[in-house]
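To start, the structure under review is shown below, and the notes come after it.
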Amino acid sequence: MKISIPLQCILLIIVSILSIIIVFISQLMFLNPFTSSWDQVDFTLAVSRFDLMAMQPHFPGYPFFILGGKMLNPFVKNPSEALTLFNILFYATSIFPVYKVCRRLLTASYSWFSTAIIYSTSYCIIMVNQPMSEGSALAAFWWYMWSLLFAFERRNSNYILLPLGLLSILLGIRLSYLPFAIGILFLFYSKMKNKTITWRELIYFSLFGLAFQACWVVALIFSEGSLTGFIKLSLAFTSGHFNDWGGAIETSKISFFERFFIFTCDNIIWTGLAARSAIVILIYIILLALSKKSVPAHPLMKLVYVMFSSYFIWGLLAQNVDKARHTLPLVILLVFFLCTIIFSNKTSFLILALSLFLLGQQVWNDVVLLKSEAKESPAIYKMNAYLEKIDKPIVLYTWEETRVLQYLHAPYTHKRIETFQFFLSDSKYYHGNTILLTDKVVKGFRAQGVSLDGKITKVTSFQSNELLDPVYHEITLYKWKE
């Protein structure tokens, strides 16, 4: 018996697969060669030598992400590209779990279509092409999400071990995704409610879950030398990690309403969902306005609500809202949610046409942004090139920029500075040198109540793409006049 597949479905699958291939090839063609932030330097140095005390990388270590970079390092030019390549390859594997999750609610053709839209979300793609753990974490998240559904649908309780193991991989890549552990609690609750596991099995699987997490935590403890040293290191890092001195948005300095607006409207919707493309956000608005379908009634949607809500609260209250990359898992869940609304049941020709235009626009944006990311030097690289050409002694006082300058082996003297009083004391030792300060240092001094009127003069500024480098996309140099 032959099963006829409508031509429209075949064409939709072909377009979806071709879109994914174009994005994937573009990621490989435009492999990001730059290491332009403190965190990126930490990760890159860890590929050559893993040392938490030297912040290679910083706590909590991200061991599975670094392991991926170590495995690929022999085949690429530098450790930074090895980490980026690992992100790209691992993210590509997420096509399978994304499709499988979508298939629970949509037809095969629209599952492929949704997978292509989710996969090609522009802000996710450009973050995957950076030597940061977010790209691999997104891939691990989708595998974890699929494993939860897989275990939920099987009566054999042993399948619960699969999401427990994948949660360990997820947290070993990015510990800040800890709120997604609520998915395990959701699974346990569902199994207990349906009476497919007993209390004894619940304890048994909980112990297995702890054992899986211990695999990478114990390894980190051994790498540090002792449990005491590991605890001291973790406390030292976390106590100062959320201090945004020097210009980042501080929780204590903005109202909750401002923080909520930045987190939702700017980070999740404008930056994460649309990659700051007015066309993309407009298409999403029109699609939602045209679609009058209700949310599918499926246990999967309850899981999505639980996962989204738990991380939303965590991201809003505990993450730095100055960095939109912290909202990436919320972005992909939101895109998935929108796809289920738009493509469930019968889809009109107008909605299909707009959706195809959306996918095409995302793919085009991906290629343009990836090329820019690989070809355009970050602002800090431009500043370094400028300072290297100065033929007289200079001393540069910076904030986080000095970590990148160390990695670039800058030939001039540069120092990280935090307080104005220490700056006055230290700069006395460089009499006769040109004293320069970055704008982050200037902002930090002013935040301490220091008036710099008449004491500094602007030298020059360096710019790069704000979407690719949100905190240091513009660096201004000032000359100290006293």
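Residues whose amide H comes within less than 5 Å of that of Ser37, counting only those at least five positions distant or on another chain, are absent (H built at 1.01 Å from N in the peptide plane). Derived scalar couplings between HN and Hα for segment 415-420 equal 9, 8, 10, 10, 10, 5 Hz in order, rounded to whole Hz, by the Karplus curve 6.51 cos²θ - 1.76 cosθ + 1.60 (θ = phi - 60°), x for Gly and Pro.
Which one is right for this structure if Cα Rg over 2.2 N^0.38 Å is calculated from it: [x] 1.06; [y] 2.24; [z] 1.14? Here Cα Rg over 2.2 N^0.38 Å agrees with entry [x]. Of the beta bridges in the chain, as assigned by DSSP with both residues counted there, near 60 percent are antiparallel. Stretched out straight at 0.36 nm per residue, the stretch from Phe96 to Lys481 would grow longer than its current Cα-Cα span by 132.6 nm. A dipole drawn for segment 377-482 from +1 and -1 charges on Cβ atoms has a positive end, and of His473, Gln406, Leu396 the residue lying farthest that way is Leu396.
Straight Cα distances below 17 angstrom link Lys195 to the aspartates and glutamates Glu153, with same-chain residues fewer than 8 positions distant left out.
Inter-part distance, segment 410-482 to segment 366-396, computed on C-alpha centroids, equals 17 Å.
If the chain linking Asp391 and Ala318 were pulled fully straight, counting 0.36 nm for each residue of separation and taking away their Cα-Cα distance, it would gain 21.8 nm.
A Förster radius of 30 Å combined with the Cβ-Cβ distance from Ala211 to Ala236 puts the calculated FRET efficiency at roughly 0.60.
With Cα atoms defining each centre, segment 25-47 and segment 160-236 are spaced 29 Å apart in the structure. Given their separation in residues at 0.36 nm each and the Cα-Cα distance between them, Met53 and Gln8 gain 10.5 nm when the chain is fully extended. Note on Ser294/Ser157: beta-carbon distance plugged into 1/(1 + (r/R0)^6) with R0 of 41 Å gives a FRET efficiency of 0.80.
Computed from the coordinates by the stated procedures, all read-outs in this text should not be read as laboratory data. Predicted, not measured: the structure shown is a model, and the values here were computed from it. Note: ideal-geometry Cβ built from the backbone for every residue, glycine included; neighbour counts use all protein chains shown.
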